[in-house]
1. Can you run phi through the Karplus equation (6.51, -1.76, 1.60; θ = phi - 60°) for segment A:68-85 and list ³J(HN,Hα) in whole Hz, with x for Gly and Pro?
2. Picking from A:Ile149, A:Leu170, A:Ile137, whose Cα lies most toward the positive end of the charge dipole for segment A:118-171 (charges on Cβ: Lys, Arg +1; Asp, Glu -1)?
3. Would you work out the charge dipole size for segment A:40-97 about its Cα centre, treating the Cβ of every Lys and Arg as +1 and the Cβ of every Asp and Glu as -1, and quote it to the nearest 20 debye?
4. Would you mind ranking A:Trp88, A:Trp104 so that the residue whose beta carbon has the fewest other beta carbons within 10 Å leads the list?
5. At 15 Å minimum axial length over the Cα atoms and a Kyte-Doolittle cut of -1.0, report the qualifying DSSP H helices in chain A, or say none.
6. Roughly speaking, what is the centre-to-centre gap between segment B:42-87 and segment A:155-177 when only Cα atoms are used, to the nearest Å?
7. So for B:Leu99, A:Leu43, fewest C-beta neighbours within 10 Å to most, what's the order?
8. Please arrange A:Ile124, A:Ile138 by counting, for each residue, the other beta carbons lying within 10 Å of its beta carbon, fewest first.
Amino acid sequence: MIQIKNLTYGYQQTPVLSNFNLTETEPNIIGLWGRNGSGKTTLMSLLAGHNKPLEGKLNVLGQEPYNNLTALENICYIQENHPFGQNWKIEDVCKFGRYFHPNWNQEFAEKLIDVFELPFKKKISKFSKGMKTATQIILGLSSNAQITILDEPTNGLDAVKRKQFYDALLESYEENPRLFLISTHHIEEIQPLCESLIVIQDGKVLFHEQMEDMREKGVILSGNSEMIEKVTSSSRIIESSSISSTHKVMLDESFSNKWKSIASEHDLTIEKASLQDYLINVTDRKIEVKS
Amino acid sequence: MKPTLDESQPIFQQIAVLIMDEIIDGRIKEEEQVPSTNELSRFYNINPATARKGLQALVDKEIIYKQRGVGMFVSKGAKEKLIIERKEQFYEEYVAPLLKEANRIHLDEQMVIELIKTKMDSK
């Protein structure tokens, strides 16, 4: 469904993406995580045909999306601050969706307008942040596009509305399994929904793995510092801190039975790092930690 | 059914465990239908593929079986089989940590046994 080969994009001296490779063949809900400036937004806008690659191949549903209206019928990219017309109301968004996306699901759109309690009479430019995000969600999910890209889809939504979004996403995916690419900084909440995760750093893919495997990454050991030093000599330490005589490290390892037995043999406490903490530490370029 | 999932183990395993708990507790009986992939996916807000994997693990263990086009059902003898399995795990899961903590706070064997007896009697 998506095929990117040796793609480069940006300015010659400072490319945003360079030698970028990515393949997705199945309908799937995929998380996209990266620090600010890692190249996430650039990737999404290239997939949506907003920009033309400098070098390399970019194929979405077998076509190059740039300047290609037929390809774009099946791609829906909802930007973080999606542009809407100054005088548009929610009905105009539906009209727009119907016009651009042949598989537009009006019934679902109306149901979501009801769920998110959006007013028909108010202009979108006068909407609150949360209402605007809900509008974007409605456009994204109702488009029924084979490739649906959502950039930070829960921005400004309260907990209740976020839950309603997750329900709507699963319902929509169940009805019509398609490829969702969801970029988020809040990975903890969205991770159970995703089958796989793509992590981008410095314009390259750092991870592209099953979410289940990603969840197991990051081992936190604490205890006597000599013991820790002894068992972690061949591991990459991505965070370390101390309190009184206790030392604590996070390792770039999987939370496996091997590590559990190492910990119990050496009288160390072992815990699994949260995915968010692991990703923050593993993408930190400044860490050259001595244990 | 447990209201939420946690971080303790992979999600698909948690799905398998909570269905097994339902069977052991008799809330889903033999030959009764277990929740579908989509029901689990919506209830726990998880990816359907993950829910499917949890159910598949139980199919592989022959705890539940598929009936094409209808759904999944609890196998005959599943409850008994699960109870035997849990009994085997009882030492590792419960007694070993109990003894470890007892040792840590200097409770000797006699005192631990005494404690269990009095608590069990008062039940």
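1. Using θ = phi - 60°, the values come out as 10, 5, 5, 5, 6, 4, 9, 10, 10, 10, 9, 6, 4, 10, 5, x, 10, x Hz.
2. Ranked along the dipole, the leading option is A:Ile137.
3. 60 debye
4. Lowest to highest Cβ neighbour count: A:Trp88, A:Trp104.
5. Sorted by number, the helices that extend far enough and score high enough are A:90-100, A:129-142, A:159-175.
6. 26 Å
7. Ascending Cβ contact count within 10 Å gives the list B:Leu99, A:Leu43.
8. The fewest-first ordering by Cβ neighbours comes to A:Ile124, A:Ile138.
Computed from the coordinates by the stated procedures, all read-outs in this text should not be read as laboratory data. Computed from a prediction, not measured in an experiment: that's the story for all the values here. Every residue, glycine among them, receives a Cβ derived from its backbone with ideal geometry; neighbour counts consider all protein chains shown.
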